[in-house]
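Take a look at the structure below.
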Amino acid sequence: MSENTIIRRIVRFDETDSTNIRAAAAAENGEPSGTLFTADLQTAGKGRRGRSWVVEKGTSITMSLLLRPAFAADKASQMTLLAAMAITESVQKILHEVCGKDAPACQIKWPNDVLIGDKKICGILTEMHTCPDGSYYVIIGMGINVNTTKFAPQLTGRATSLKIATGKTFDRDRLTELFGESFLRFYRAFEKAGDVSEITADYDRMLVNRNRQVRIEGTQEKLTGTALGISSDGELLVRTQDGTVRAVRSGEVSVRGIYGYV
């Protein structure tokens with residue numbers, strides 16, 4: 001493997017239950033950091049909040065990245081932000097390679113939904129596991145709709161793929177290669193700073209929410225305001241109607257014109 005990628009080894013499955021499950025089992029047996037587990041078909045994949053993630057065989061990228069970070073475990077959850085950034089950047093690169101000037105924009109809906117237009121192309125699920133010796137490892141599970149043409153009924157109108165968005169077919173191995181290179185760059189910046197402060201400008205540039213009206217739901221207090229970007233801890237900074245800037249750590253974010261918030 002090149003020194004310019006986070007991926008040190010790839011374990012491929014034709015079919016498996018979940019690449020996150022396979023990665024965790026291997027990690028318990030000493031699998032080193034930087035191993036990527038991929039599958040052409042995942043039969044028991046899960047997204048956030050336990051949602052299922054099952055698509056046509058051989059059309060998507062289904063992968064889980066095993067990392068053994070040296071930084072404090074309380075920072076591990078921010079790996080999800082890095083994954084969203086790396087996927088967005090790598091998807092944008094391959095869109096430009098294949099579509100040239102006609103490439104659509106790939107953006108992030110905070111914190112980690114990756115979109116083309118107003119539809120989602122990627123799901124990310126990060127899990128942290130603690131070892132008996134006090135160390136820990138992180139598994140970042142990702143599903144990217146690359147050449148997918150069919151979705152479950154509940155995803156109709158909410159999901160798309162690179163192929164649906166452009167009418168073209170994409171090389172999944174090339175996209176995986178680009179992802180590994182992008183992730184390493186963001187990961188090194190995170191390690192150096194101990195947070196996302198060195199890459200907030202990169203994230204904000206990808207952020208579809210930025211300078212748009214958002215509604216924060218799922219918390220005890222509901223907020224409406226304008227998204228400004230993210231903090232060094234990955235919080236969404238929202239200027240409310242009274243001019244106060246609030247840092248949002250949790251809750252679902254609805255953006256005007258995206259996912260039905262009009």
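The values are calculated or read from the model by the stated rules, or taken from the named source; none is laboratory data. Keep in mind the model is a prediction, meaning the values are calculated, not measured. Here the Cβ is made from the backbone with ideal geometry for all residues, glycine too, and neighbour counts use every protein chain on show. Surface accessibility is based on the protein's heavy atoms, side chains included, excluding ligands, DNA and RNA. Shrake-Rupley method; radii C 1.70, N 1.55, O 1.52, S 1.80 Å.
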In sequence order, calculated HN-Hα J values of region 65-77 (Karplus, 6.51, -1.76, 1.60; Hz; x Gly/Pro): 9, 8, 10, 10, x, 8, 7, 4, 5, 5, 9, 5, 4
Helix-only mean residue ellipticity at 222 nm for the chain, each DSSP H run of n ≥ 4 adding -39500 (n - 2.57), per residue, nearest 500: -8000 deg cm²/dmol
Among beta bridges that DSSP assigns inside the chain, antiparallel share in %, nearest 5: 85
Charge dipole magnitude, Cβ of K and R +1, D and E -1 - region 120-262, Cα centre, debye nearest 20: 780
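Placing +1 at every Lys and Arg Cβ and -1 at every Asp and Glu Cβ, with all other atoms neutral, what dipole size does the chain have around its Cα centre, in debye to the nearest 20?
780
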Exceeding the 22 Å Cα-Cα cut-off - candidates Lys120/Lys150; Lys120/Lys222; Lys57/Lys168; Lys109/Lys192: Lys120/Lys222; Lys109/Lys192
Rounded percent of accessible protein surface that carbon and sulfur make up, the chain, 1.4 Å probe: 47
Candidates Gln154, Gln107, Gln78, ranked by Gaussian network fluctuation over the chain, Cα under 10 Å, top entry: Gln154
Normalised contact order of the chain, rounded percent, pairs of Cα under 8 Å and 6 or more residues apart: 17
Coarse-grained scattering of the chain at q = 0.07, 0.08, 0.11, 0.12 Å⁻¹, given as base-10 log I(q)/I(0) from a Debye sum over alpha-carbon atoms: -0.23, -0.30, -0.59, -0.71
Cβ-derived FRET efficiency at R0 51 Å, Thr156 paired with Ser2, nearest 0.05: 0.85
Under 20 Å from the Thr169 label point (7 Å along Cα→beta-carbon), backbone N, region 1-35: 14
Relative contact order computed over region 197-255 (Cα-Cα under 8 Å; 6+ residues apart), in percent: 32
C-alpha center-to-center spacing [region 190-219, region 118-175] in angstrom: 20
Rg/Rh for region 144-219, where both radii come from Cα atoms and Rh is the Kirkwood radius: 1.06
